[in-house]
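Written out below as structure tokens is the structure these notes cover.
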Amino acid sequence: MEIDEENTVSTSPEQMSDDAPTVVDVPVIAPAIVPPIAPPVLPAIPLPLPPRPPAFIPAGSQNGERVASDSDSDQDDSVPTRAPGGDFEISEESKLVRERQEKAMQDLLMKRRAAALAVPTNDMAVRTRLRRLGEPITLFGEREMERRDRLRMIMAKLDADGQLERLMKAHEEEEAVFSAGSQEEEIIEYPFYTEGSKELRDSRVYIAKYSIIRAAQRLQRARRRRDDPDENMDAEIDWALTQAKSFVLDCSEIGEERPLSGCSFSYDGKLLATCAINGVARTWAIPQVKKVSNLKGHTERCTDTIFSPVQNLIATASADKTAKLWDSQGSLLNTFEGHLDRLGRVAFHPSGKYLGTTSFDKTWRLWDVENGTELLLQEGHSRSVYGLAFHPDGSLAASCGFDALARVWDLRTGRSIMALEGHVKPVLGVSFSPNGYHLATGGEDNTCRIWDLRKRKSLYIIPAHSNLVSQVKYEPQEGYFLVSSSFDMTAKVWSGRDFKLVTTLSGHEAKVSSVDVSSDGQSIVTVSHDRTIKLWTSSSNDKEHAMDIDCNNDKEPAMDMD
């Protein structure tokens, strides 16, 4: 029974006595107040939770945090809502995000599967496999690596689609074709060398025989001097260095109207050849330095000139890509054509039968002096080749160039037997010592390096000049001293024993471009961009020569008296 507390009216005895005249004593029963009945306490029963909707990140989120929108309606659109059936509905934007994630995962799995596949590295094999799989062998602008990656992805897709049989069948067909072709194909053995001409073979045979005889003579002479008790090597070297220390300027002559670029003594020391950048070479009589003949024939500047070691033949090199052979009277004997760029230095083989030329076409070449035939085109330098020298025995040649390397070649086999690394700038000059064991190089790093050919390493580094070293030459008899010329307007003489400075030849007013030493080691000639030829001789030698003349004059009257 429910009691309406709001409509219940309670009257007291005082109110009743005031309102009614008759009072009837009727007992008033107060309504019973029913206390609220608490519901029975039931044990807590866990209810099943609804399935949790997938994680949802709205499209307008940054770093996992949702960006507040301008209205509540925007927020309501991106939040998953519960469907009448109890499941969650995913918005279109969430579906797009999920699709992108699934696609990225598939791409990642595809790349992993592709990375595990073996793909040919040869481009022709890649094209062949693409053709067998029915795919275009190449696309417009596609490179080799891109083509290989495309084949890898195609193979991975076939693997993912379960088409392994097709892939393996294509691979088996490819292997079968390859094996069949290899069986039918004849075995061809290709030579690892480039076949040379008969003239080259004959020249190498001659050089081998010539070098064996020369080496035997050199070694026999060295043994005889070693075993001779009267030989005092130190005293002889000291005397030679004393002679070298007394070099003085004997003669200075203007050689040309333009700067001079090369010079060379004849084998007997009676003639001198010079060349200039106007393309003209000249011969001079020594020691008066009087002009003998003009050698005109080059159309560009001359870069070097040299006398033959056995006869009075002169070779000149030029920027017109040719070298020419002359006699001492100025008659042209032969022209050596074949280089593709301007020439650098030239050098005669000790036998006098062959001429070597260097060029800016990165090669040096060996020519037959008699008929002008090109015997050898030698590559090996990565940049222009500038300097060239032959071993005293005639068996080896040394070349140097703008790649900061000096290479030693065996003329009997044509192989590069040594690469001398040490210079940090182009190497411009190279010279063998007469004993055959040492090689001197000079370059744009202002240093001269002495190399020991037996140990195949640098023996000594001479900080020679304050500018680039244009040429280096050993004294040709015993190698007791070494001469270097430089663009610092000086030439210097160095000891061949400890490589210390002996004397400095100063007098030029411009760059010294070349230097040479006479066969007897008593004279040095230098040419320069100041257009002058300077002849340096030993003052002690002049004194001895004067004493000989005086003695002869004294003896003649005595003979008349008898």
Matching residues in region 325-370 - criterion: being charged (D, E, K, R), more than 21 Å from Leu272 (Cα to Cα) and surrounded by fewer than 17 Cβ atoms within 10 Å (Cβ to Cβ)
Glu337, Asp341, Glu370
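Condition check ((1) modelled with pLDDT under 70; (2) open to solvent by less than 70 Å² (accessible area, probe 1.4 Å); (3) over 41 Å from the mean Cα position of the chain (by Cα)) across all residues:
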site: Gln75; (1), (2), (3): yes, yes, yes
site: Arg82; (1), (2), (3): yes, no, yes
site: Phe88; (1), (2), (3): yes, yes, yes
site: Ala104; (1), (2), (3): no, yes, yes
site: Arg113; (1), (2), (3): yes, no, no
site: Thr121; (1), (2), (3): no, no, no
site: Met124; (1), (2), (3): no, no, no
site: Arg129; (1), (2), (3): no, yes, no
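Results for (1) part of a loop (DSSP other than H, G, I, E, B); (2) buried (at least 22 other Cβ atoms within 10 Å of the Cβ); (3) of a type in the set (Val, Ile, Thr); (4) out of contact with any Asp or Glu (no Cβ under 6 Å at 6 or more places or on another chain), shown as yes or no for each residue.
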site	(1), (2), (3), (4)
Ser485	no, yes, no, yes
Phe499	yes, no, no, yes
Glu509	yes, no, no, no
Ser514	no, yes, no, yes
Only one of (1) small (Gly, Ala, Ser); (2) under 14 Å from Ser264 (Cβ atoms); (3) in contact with an Asp or Glu (Cβ under 6 Å, 6 or more places away or on another chain) fails for Ala347. Which number is that?
(3)
Failed condition for Gly380, given (1) touching a strand residue (DSSP E or B) at 6+ places or on another chain (Cβ under 8 Å); (2) on the phi > 0 side of the Ramachandran plot; (3) open to solvent by less than 30 Å² (accessible area, probe 1.4 Å), with all others met?
(3)
Of the conditions (1) of a type in the set (Val, Ile, Thr); (2) touching a Cys at 6+ places or on another chain (Cβ under 8 Å); (3) assigned to a loop (DSSP other than H, G, I, E, B), Val424 fails just one. Which one is it?
(2)
Within 18 Å of Leu535 (Cβ to Cβ), open to solvent by 30 Å² or more (accessible area, probe 1.4 Å), of a type in the set (Val, Ile, Thr) and out of contact with any helix residue (DSSP H, G or I) (no Cβ under 9 Å at 6 or more places or on another chain), is that true of Ile254?
yes
Out of everything in region 195-229 that is under 17 Å from Arg412 (Cβ atoms) and in a loop (DSSP other than H, G, I, E, B), what residue ends up being most open to solvent (accessible area, probe 1.4 Å)?
Glu195
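Report, by residue number, each residue of region 294-321 that is aliphatic (A, V, I, L, M) and part of a strand (DSSP E or B).
Initially, region 294-321 is screened for residues aliphatic (A, V, I, L, M), giving 295, 306, 310, 313-315, 317, 319.
Result: Leu295, Ile306, Leu313, Ile314, Ala315, Ala317.
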Take the residues in region 426-479 that are modelled with pLDDT under 95 and among the basic types (Lys, Arg), then tell me which one is least open to solvent (accessible area, probe 1.4 Å).
Lys457
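Residues are listed down the side, and each one gets a yes or a no for (1) under 22 Å from Ala389 (Cβ atoms); (2) within 33 Å of the chain's Cα centre (by Cα):
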{"residue": "Lys270", "(1), (2)": "no, no"}
{"residue": "Thr274", "(1), (2)": "yes, no"}
{"residue": "Ile277", "(1), (2)": "no, yes"}
{"residue": "Arg282", "(1), (2)": "no, no"}
{"residue": "Asn312", "(1), (2)": "yes, no"}
{"residue": "Leu332", "(1), (2)": "no, no"}
{"residue": "Gly338", "(1), (2)": "yes, yes"}
Of all the residues that make up region 409-418, how many are buried (at least 22 other Cβ atoms within 10 Å of the Cβ) and under 18 Å from Ala440 (Cβ atoms)?
1
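Is region 288-306 home to any residue that is hydrophobic (A, V, I, L, M, F, W, C), open to solvent by 60 Å² or more (accessible area, probe 1.4 Å) and modelled with pLDDT under 95? First the steps, then the outcome.
Our first condition is that a residue be hydrophobic (A, V, I, L, M, F, W, C); within region 288-306, this holds for 289, 292, 295, 302, 306.
Filter once more, so that each one left must be open to solvent by 60 Å² or more (accessible area, probe 1.4 Å): 292.
Next, only the ones that are modelled with pLDDT under 95 stay: 292.
Within region 288-306, one or more residues are hydrophobic (A, V, I, L, M, F, W, C), open to solvent by 60 Å² or more (accessible area, probe 1.4 Å) and modelled with pLDDT under 95.
The values are calculated or read from the model by the stated rules, or taken from the named source; none is laboratory data. What you see is a predicted model; the values in this text were computed from it and never measured. Heads up, the Cβs are rebuilt from the backbone with ideal geometry, glycines too, and the neighbour counts pull from every protein chain shown. These accessible areas exclude ligands, DNA and RNA; they are computed on the full protein's heavy atoms, side chains included. Shrake-Rupley method; radii C 1.70, N 1.55, O 1.52, S 1.80 Å.
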